[in-house]
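Each reported figure results from applying straightforward, stated rules to the coordinates on display, with no laboratory input. Please read all numbers here as calculations on a predicted model, not as lab measurements. Backbone-built Cβ (ideal geometry, glycine too); neighbour counts: all protein chains shown.
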């Protein structure tokens, strides 16, 4: 998600608190928020999948491989 979309989310939030949104703006805000949340989840999943754990016996296991790299919804 690029900075212009994040700025638009913030602008719509400010306008919503100040004066309210039109139905079209509410729909745009909802779509932008869903896109933002999906992006955050995708990034978090990628970070979690790349974690390596060192076991007490000295072996290393990748949590992404152990628990499967599931696609974010």
Note to self: Quick check: the angle from helix 3-18's long axis to the longest principal axis of the chain, C-alpha only, nearest 10 degrees?
What the structure shows: 50
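List 36, 67 from most exposed to least, where exposure is judged by having the fewest other Cβ atoms within 10 Å.
67, 36
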Check: How far apart, in nm, are two points set 7 Å out from the Cα along the Cα-to-Cβ line at residue 5 and at residue 46?
Finding: 1.3
Checklist line | Calculated SAXS-style log₁₀ I(q)/I(0) at q = 0.14, 0.27 Å⁻¹ - the chain, Debye, Cα scatterers | finding: -0.60, -1.14
Next item on the list: Compute the acute angle (0 to 90°) between the alpha-carbon long axis of helix 23-49 and the principal axis of greatest extent of the alpha-carbon atoms of the chain; round to the nearest 10°.
Entry: 10
